[in-house]
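Report on the structure given below.
The values are calculated or read from the model by the stated rules, or taken from the named source; none is laboratory data. Given the structure is predicted, the values throughout are model-derived calculations rather than measurements. So basically every Cβ, Gly included, is an ideal-geometry build from the backbone, and we count neighbours across all protein chains shown. Surface accessibility is based on the protein's heavy atoms, side chains included, excluding ligands, DNA and RNA. Shrake-Rupley method; radii C 1.70, N 1.55, O 1.52, S 1.80 Å.
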Amino acid sequence: MLRYKVDAGIAWLTLDNPPLNALSHALRVGIVEAIDRAESDPKVHAIVLIGNERAFSSGADIKEFAGGEFYADPFLPRAVDAIEAAHKPVIAAISGACMGGGLEVALGCHYRVALADSKIAFPEVKLGLIPGAGGTQRFPRLVGLETALNLIVAGSTVPAAMLKGSALFDAVVPGSLADAAREFARKLAEQGYPVRRVRDLKVEHPQAEAFLQFARTSVAAVARGMAAPLRALEAVAASLEPSFAQGIAVEQKIFAELIASTESQALRHAFFAERAASKVPGISEKTAQRKVTQVAVVGAGTMGSGIAMSFANAGIPVTLLEAKSEALDRGIAGIRKFYEGAAAKGKLKPEEATRRAGLITPSLEFSAAGKADLVIEAVFEDIEVKKAVFRELDRVAKRGAILATNTSTLDVDAIAAFTRRPGDVLGLHFFSPANVMRLLEVVNAKKTRPEVLATALSLARRIGKTAVVSGVCDGFIGNRMINPYFQQSLLMLEEGASPRQVDRAIEAFGFAMGPFRMSDLAGNDISWHIRKRHYAEHPRLRPMRIADRVCELGRFGQKTGAGWYRYEPGKRDAIPDPVVDKIIDEERRALDLAPRKFSDAEIVDRLVYALVNEGARILEEGIALRASDIDVVYLTGYGFPVMRGGPMFHASRTGLRTVLRRMREFAGNAHADPQFWTPARLLTQLAASGRGFDDAALPKPKPAAKAKAKAKSKMKTGQKRTRKEKRRG
Ligand SMILES: NC(=O)c1ccc[n+]([C@@H]2O[C@H](COP(=O)([O-])OP(=O)(O)OC[C@H]3O[C@@H](n4cnc5c(N)ncnc54)[C@H](O)[C@@H]3O)[C@@H](O)[C@H]2O)c1
């Protein structure tokens with residue numbers, strides 16, 4: 001954990017907890033013991049604390065938050081105090097990441113020498129926390145109140161070179177860090193090895209109160225309901241207190257409150273959930289992978305173009321195939337426009353934009369897919385069209401090529417069966433816009449080979465996507481859950497809510513966008529198309545007349561200037577529209593429903609618990625591998641508020657018994673379909689045993705075929721028509 005060596009009067013304390021020197025309990029023990037050892041060794045005059053190339057230290061070992069080790073003696077603040085209290089000068093030699101607790105360790109040192117490209121940050125707010133080992137007090141003493149506040153509140157990372165002029169660093173150097181530290185120690189020797197402690201400095205600001213007032217307003221505006229940024233501001237402001245001890249007391253109190261908060265627990269859950277999602281049973285680093293250096297995308301529409309850009313952005317050449325030349329020209333023009341726009345806005349260097357656009361080669365010849373290692377199909381959502389494309393791909397693709405479909409709702413097993421190589425087929429479900437959205441559902445079909453899945457997962461990382469594995473079912477994880485969520489939002493319109501009220505309530509809960517604004521953005525025709533297929537497949541399904549009528553008017557959302565709202569040309573503000581109100585009113589009357597008032601709490605609970613119940617079924621069927629995967633899907637793909645950790649985490653923290661009671665209440669509503677609120681077996685079981693989804697031992701994933709059959713039967717029994725509607729025919 002810590003290597004100790006004395007050389008020419010200097011004790012070298014090398015942090016050795018690869019890869020990033022997380023400050024685990026063992027490492028903290030190592031640091032304090034080494035400081036004591038150096039202090040008591042008469043041959044030592046100065047102490048150098050140094051890390052490895054990748055990191056001085058990336059900060060606390062957040063795995064320790066869950067167990068008791070995080071607070072185990074020496075707790076990080078005590079370790080930092082021990083460094084600062086040393087009577088021999090301690091020099092931090094900083095390279096790579098110097099973040100969070102790692103930066104606090106450096107601030108406890110008496111001097112700091114850094115490589116110019118070291119990365120300096122206090123990322124704690126991103127986990128709903130503040131620096132808790134003196135960072136909020138020592139940092140402003142060195143870089144000033146304003147810089148400290150900006151960096152701590154935003155959690156952003158800056159290179160050491162950017163803070164070069166401040167008192168944070170005694171030297172910012174290129175080249176060899178050890179040599180620079182040795183040279184610095186030599187200079188200290190000339191001065192008699194003085195010790196200088198950050199706690200003894202004062203924070204000066206000519207108009208501190210006015211600045212803080214301004215900062216409070218601006219931070220509140222961007223915090224989006226999160227507590228940590230404003231609490232961080234409060235802690236940094238305490239650095240102006242007359243004594244260091246007073247400031248530290250404020251920091252510790254705030255830290256203790258935040259670490260116990262649901263917000264921080266949710267953010268930490270989200271962090272670990274993303275890491276966990278990449279771990280798939282049966283796939284390890286040892287699983288063989290296929291080489292992917294050339295990709296082909298079939299279909300240059302909305303998705304195909306975005307998918308092609310995702311690969312070009314990662315430097316991977318793509319052939320973009322189309323059936324029609326107009327569609328190809330349109331797709332390529334859209335791609336060019338996107339890159340030119342990015343260059344014009346300064347987001348990309350012009351030569352980089354040109355290089356990326358140049359990696360995409362248009363083609364109208366299917367044979368051009370022949371040299372690709374991976375082909376992704378993104379043609380119309382129609383099984384017959386997919387069949388023709390996969391038959392053709394089976395003919396032209398080289399042996400060992402991976403064949404993927406971007407279908408949102410169709411059966412990937414059936415698509416795989418259109419080829420003579422179903423083991424090479426899987427789903428790669430990108431989200432729109434594909435070049436922007438991080439989420440990628442990787443659909444593991446019945447016959448997908450492990451190496452094909454493993455290749456897809458590592459490819460996702462290469463193109464900067466967060467992959468979540470899903471089994472085969474209608475809509476996979478994300479869209480299957482969004483279905484009941486949309487159904488509830490539509491039912492609430494029938495009962496008395498307005499699109500605006502539903503959107504506002506769920507947005508106040510923290511969703512980036514309510515269901516109606518989201519639908520207007522994605523295009524109402526997409527869900528209409530899916531609804532029509534569902535009506536045809538399941539004749540007993542209850543038609544969603546309001547939504548259908550909105551679409552019958554051609555109101556497909558922003559792209560047509562009107563949907564659930566109307567839009568001024570060139571603007572995205574959703575304006576309530578009397579045309580929609582009239583449709584809602586007429587349908588309510590046809591259903592003989594007197595509108596009633598809705599509380600925001602009912603809107604939120606109905607929407608969120610509709611997600612949760614379907615999520616529980618998805619887990620039960622083995623479609624998702626773990627509850628946290630569902631959370632990742634919703635956090636990265638559907639704008640679920642990260643400070644609530646995802647639907648399954650939120651339900652677990654609310655208490656599954658409470659969730660069930662609320663669902664029973666909803667089922668008792670005269671207009672509800674009680675079938676809709678039948679709780680998933682897993683939900684009932686967990687609630688009965690007082691557990692949450694996150695600590696559930698899940699049943700083993702079932703073979704995809706069984707899961708699929710279950711999903712189908714669920715759809716048949718869901719959303720039956722009310723008696724009244726049956727009368728309407
Ligand atoms: N739009 C979304 O938000 C979204 C999100 C995720 C997944 N998807 C899925 O992605 C797929 C494509 O959706 P989209 O929105 O990009 O559709 P789109 O209509 O914008 O594009 C489809 C393109 O495929 C082309 N095409 C049709 N048949 C072809 C053939 N035989 N060979 C080559 N090209 C052909 C069409 O000319 C068209 O340009 C669908 O399966 C859809 O369900 C869509």
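Table for the structure above
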{"item": "Solvent accessible area, Å² - Lys582, 1.4 Å probe, full protein context", "result": "130 Å²"}
{"item": "Amide hydrogen neighbours beyond the local backbone of Leu23, cut-off 5 Å, H modeled", "result": "Gly59, Ala60, Asp61"}
{"item": "Accessible-area order (highest first, 1.4 angstrom probe) of the listed residues His671, His45", "result": "His45, His671"}
{"item": "Solvent-accessible area, 1.4 Å probe, carbon plus sulfur percent, for the stretch 533-640", "result": "52 percent"}
{"item": "The stretch 40-132 shape via C-alpha gyration tensor axes, a/c threshold 1.5", "result": "oblate"}
{"item": "Solvent exposure, largest accessible area first (probe 1.4 Å, DNA, RNA and ligands not counted), of Val172, Val659, Val6", "result": "Val6, Val172, Val659"}
{"item": "Backbone HN-Hα couplings from phi across the stretch 123-133 [Karplus 6.51/-1.76/1.60, Hz, Gly and Pro as x]", "result": "x, 3, 4, 5, 9, x, 10, 10, x, x, 10"}
{"item": "Lys/Arg +1, Asp/Glu -1 at C-beta; the stretch 149-208 dipole; positive extreme among Ala181, Met162, Leu201", "result": "Leu201"}
{"item": "Pair-distance profile P(r), taking every C-alpha pair of the stretch 447-541, with 10 angstrom steps and integer %", "result": "13, 33, 29, 20, 5, 0"}
{"item": "Dmax and Rg, reported as Rg then Dmax, of the stretch 301-347 (C-alpha, Å)", "result": "11.0, 34"}
{"item": "At R0 = 45 Å, FRET efficiency that the Cβ-Cβ distance of Leu230 and Thr361 yields, to 0.05", "result": "0.35"}
{"item": "Interchain or long-range residues, amide H under 5 Å from Ile94's placed H", "result": "Val113, Ala114, Leu115"}
{"item": "Solvent-accessible area, 1.4 Å probe, carbon plus sulfur percent, for the stretch 1-152", "result": "55 percent"}
{"item": "Relative contact order (%) - the stretch 105-211, alpha-carbon pairs under 8 angstrom, separation at least six", "result": "39 percent"}
{"item": "For the stretch 227-292, diffusion coefficient by Stokes-Einstein and Kirkwood Rh (Cα), 25 °C, 0.890 mPa s, µm²/s", "result": "161 µm²/s"}
{"item": "Three-way shape label, the chain, alpha-carbon gyration tensor, a/c 1.5", "result": "prolate"}
{"item": "Histogram of C-alpha separations across the stretch 527-596, 5 Å bin width, %", "result": "3, 16, 21, 19, 19, 13, 6, 2, 0"}
{"item": "Point-charge dipole on Cβ atoms (K/R +1, D/E -1) for the stretch 126-247, about Cα centre, debye to 20", "result": "240 debye"}
{"item": "Approximate spin-label separation Gln246-Phe75, in nm, with each point projected 7 Å along Cα-to-Cβ", "result": "2.2 nm"}
{"item": "Chain lengthening between Glu204 and Thr684 when straightened (0.36 nm per residue, less Cα-Cα)", "result": "166.9 nm"}
{"item": "Charge-dipole axis of the chain as Lys and Arg at +1 and Asp and Glu at -1 on Cβ define it, positive-most pick from Asn150, Gln488, Val105", "result": "Gln488"}
{"item": "Apportionment of accessible area to carbon and sulfur, the stretch 319-478, percent (1.4 Å)", "result": "54 percent"}
{"item": "Prolate/oblate/rounded call for the stretch 603-679, Cα gyration tensor, a/c under 1.5 rounded", "result": "prolate"}
{"item": "Local net charge near Phe430, Cβ-Cβ under 11 Å (Lys/Arg +1, Asp/Glu -1)", "result": "+1"}
{"item": "Rg/Rh for the stretch 20-78, where both radii come from Cα atoms and Rh is the Kirkwood radius", "result": "1.03"}
{"item": "Solvent-accessible area per residue, Å², over the chain with all protein chains present [probe radius 1.4 Å]", "result": "43 Å²"}
{"item": "Debye, to nearest 20: dipole size of the stretch 505-619, +1 on Lys, Arg Cβ, -1 on Asp, Glu Cβ", "result": "300 debye"}
{"item": "Beta bridge orientation in the chain: antiparallel %, DSSP, nearest 5", "result": "30 percent"}
{"item": "Debye, to nearest 20: dipole size of the chain, +1 on Lys, Arg Cβ, -1 on Asp, Glu Cβ", "result": "2540 debye"}
{"item": "Set Lys5/Lys63; Lys337/Lys571; Lys324/Lys371; Lys286/Lys446 screened for pairs whose C-alpha atoms are more than 27 Å apart", "result": "Lys5/Lys63"}
{"item": "Distant-in-sequence amide H partners of Leu2 (H built 1.01 Å from N, under 5 Å)", "result": "Asp16"}
{"item": "Nearest-10 value in Å² for the accessible area of Leu2, using the 1.4 Å probe", "result": "40 Å²"}
{"item": "Cα Rg over Rh - the stretch 110-251, Kirkwood", "result": "1.01"}
